[in-house]
Structures are given as structure tokens and as C-alpha cells.
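Below: the structure, in C-alpha cells.
The values are calculated or read from the model by the stated rules, or taken from the named source; none is laboratory data. What you see is a predicted model; the values in this text were computed from it and never measured. Counting neighbours? That spans all protein chains shown, and the Cβs are built from the backbone with ideal geometry, glycine included. Heads up: the accessible areas ignore ligands, DNA and RNA and are worked out on the full protein's heavy atoms, side chains in. Shrake-Rupley method; radii C 1.70, N 1.55, O 1.52, S 1.80 Å.
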Amino acid sequence: MSSLAVPRTEPVADSTPGTAQDRPPLRRRIALIPTVTLLLGALYCLLPVAWVVIAATKSGRELFSTFTFLPGTGFAGNIRDLDAYRDGVYWQWMGNSALYAGLGALLSTCVSAISGYALAIYRFRGRETLFNVLLAGVLMPPVILAVPQYLLLAKADLTDSYLSVLLPQILFPYGVYLARIYAAAAVPADVIEAGRMDGASEWRIFTRIALPMMIPGMVTVFLFQFVAIWNNFLLPYIMLSDDEKFPITLGLFTLLEQGANTPALYTLVITGALLAVFPLVVLFLVIQRFWSLDLLSGAVKS
């Protein structure tokens, strides 16, 4: 009995370069696009920050004569010159910014919390119309409102005062919008009804039950408004003429204008811009713990 041996042929691997086996899957290459885009965006945002940090270490001579990203040796001297400029007017500008941003953000957060809670919990005629008007205010550029606000405050003889910068910042349409969305999600209707059945007033329900639940959202509103007021330039530029009431943004702008005739002031502007970032960094570090609070922790504590 004989058997025929049939030879088995092994498939020959295609070793031609550039075939589908050598190329990475298309899906993997597409997945790299968001990563590359984020890296480019981070580079675009961080390069100016790196330039400010490095330029603040240079003296006036080093600023214009050395490589852009080469650190200098004049940071301590720049701090001393900035402190001595006009008897320390820079620190007064910094204090004015802290007043405008801190008090303005606090008042704005209170107004946003009350307004957002009312729009989320209560049912009344015209509620949606009022909310739509607020949404239109979110889309309104602040530049459009600056001149009408100046004319109104001029009629009240409030221009060139601290109130002229504080009052327009109290109503924050985007803060009211966030407060309504957060209150609708974080404050259960059953908890409100339970408080009413126990005989609590509406104000007590808001302050003792609803507001603690809304704290993480209100911290976000406070942070947004604080940063917006701290960085605001146009409104103080229109409202103020006394440089002792200037915020840090407007004060550095006046220094920059004078730097056209006195180039030595450029180092003060750069160093002042770097120092002006530190309060925002500290604020982020201090209040970030509030974002980890549980939504219902306020009701438990009450």
C-alpha cells in the first residue's frame, strides 16, 4: 500500500517595504491627532509664560542683548526697582486689583447664587423669558456695554471712583446661568419640600440647605469672575483717571507706554506682569479642594 506525500507549501511572507503589515493601523494614527493637537496648543500657551519668567530675570541690558530663552541675573534688582518706582505704587495697584476682584467676585457670586436658585426652583410667569434674556447677556461682548455703563455712572457722578469699577461687575450673566444649571442638578426637590414641611422659611431653606449643596458650583463662579475682573482692562481704562485707583492691568499699561521713552521701564513691566500672576495661582491652589465636595454634603451637615 503506497501513499503519495503531498508537499505542504508555507505561505511566503510579503517582505516588500511599505505593505499593510509594515504600516501602523489607520485607527492608531488617527488617535494620535488629538494628542498632537493638544501638545501644540500647550506649546502655544506655555511659550509666552516661559518667556515672561525668563525675561523677568534679566536686567535692562541683558533683555536686549542676550538670547531670548537664556536666564539673566537681574531678577532681584528688578524687584527692588519695581518696589522703589514712585514709592511703591505697584503694590497699590496690586491692592486695588485685589479689592476689585475679591469684593466684586464675592458680590457677583452672591447675586448669581440667589438668582440661579430662584430660576431653578421656583415656577413663575416669565421665568423662561428672563432666563433667555440672561443667555443673551452671556453672548453680549463686554466692549459693547462699557460706554453705556460709563454714561450711566457719569450721570450718577460715580466715575473715577472705586464704585465705577465694582458696580458693573456685580451682575455676571454667565454666573447666573451656571448657578441655575448647578442648582437644578444639585438641590433635590424632595429636600426643599421636606424643609417646607418642617416649617422652615424660604430664606432658611436657601441658606441652610440649598446653599451648602451649591458651594462647589459657586466656587467655580467666584473663580471665573475673580479672574475676569483681575484681568479686566477696558472698564477701568474708561472709568478711571486717577492712577492711584488703577488696577494692576491698567498700571502696567501706563508703565508700558512710558517705556517707549524710557526703555529701562520694560524690565519693570515684565517683572510686574510675572508677579501679577502669583495671586491667581495661589487662588487656584486654595479653593481647588471645594471642587471635591460631595453634592449632598451640605444637606447632611444641616
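Here are the numbers for the structure shown:
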{"item": "Any chance residue 135 is at pLDDT 95 or above, loosely packed, with under 15 Cβ neighbours inside 10 Å and of a type outside the set (Phe, Trp, Tyr)", "result": "no"}
{"item": "Those residues of the range 195-222 which are free of Cβ contacts under 8 Å to residues at least 60 places away in the same chain and open to solvent by 50 Å² or more (accessible area, probe 1.4 Å), in sequence order", "result": "196, 197, 198, 199, 201, 202, 203, 204"}
{"item": "Residue check, residue 230 open to solvent by 60 Å² or more (accessible area, probe 1.4 Å) and either closer than 28 Å to residue 113 by Cα or not assigned by the TED database to the domain that holds residue 132 (or both)", "result": "no"}
{"item": "Subset of the range 42-99 (residues that are farther than 17 Å from residue 269 by Cα, open to solvent by less than 70 Å² (accessible area, probe 1.4 Å) and of a type in the set (Ser, Thr, Tyr))", "result": "66"}
{"item": "Every pair of residues 6+ apart whose Cβ atoms lie under 7 Å, when the first sits in the range 82-104 and is within 13 Å of residue 249 (Cα to Cα) while the second is exposed (fewer than 13 other Cβ atoms within 10 Å of the Cβ)", "result": "92/244"}
{"item": "Answer from 186, 146 - the residue that is open to solvent by less than 40 Å² (accessible area, probe 1.4 Å), within 21 Å of residue 228 (Cα to Cα), at pLDDT below 90 and among the hydrophobic types (A, V, I, L, M, F, W, C)", "result": "146"}
{"item": "Among (1) at pLDDT below 90; (2) within 27 Å of the chain's Cα centre (by Cα); (3) farther than 30 Å from residue 217 by Cα, the one test that residue 35 misses", "result": "(3)"}
{"item": "Odd one out for residue 291, checked against (1) modelled with pLDDT under 90; (2) open to solvent by 50 Å² or more (accessible area, probe 1.4 Å); (3) within 30 Å of residue 151 (Cα to Cα)", "result": "(3)"}
{"item": "Residue count for the range 218-258, restricted to those that are among the hydroxyl-bearing types (Ser, Thr, Tyr), assigned to a helix (DSSP H, G or I) and more than 30 Å from residue 206 (Cα to Cα)", "result": "3"}
{"item": "Close pairs from the range 111-136: first hydroxyl-bearing (Ser, Thr, Tyr), partner open to solvent by 30 Å² or more (accessible area, probe 1.4 Å), Cβ under 6 Å, at least 6 apart", "result": "112/172"}
{"item": "Single residue of 235, 252, 275 found to be crowded, with 16+ Cβ neighbours inside 10 Å, touching a residue at least 24 places away in the same chain (Cβ under 8 Å) and either in the same structural domain as residue 54 (by the TED database) or out of contact with any helix residue (DSSP H, G or I) (no Cβ under 7 Å at 6 or more places or on another chain) (or both)", "result": "275"}
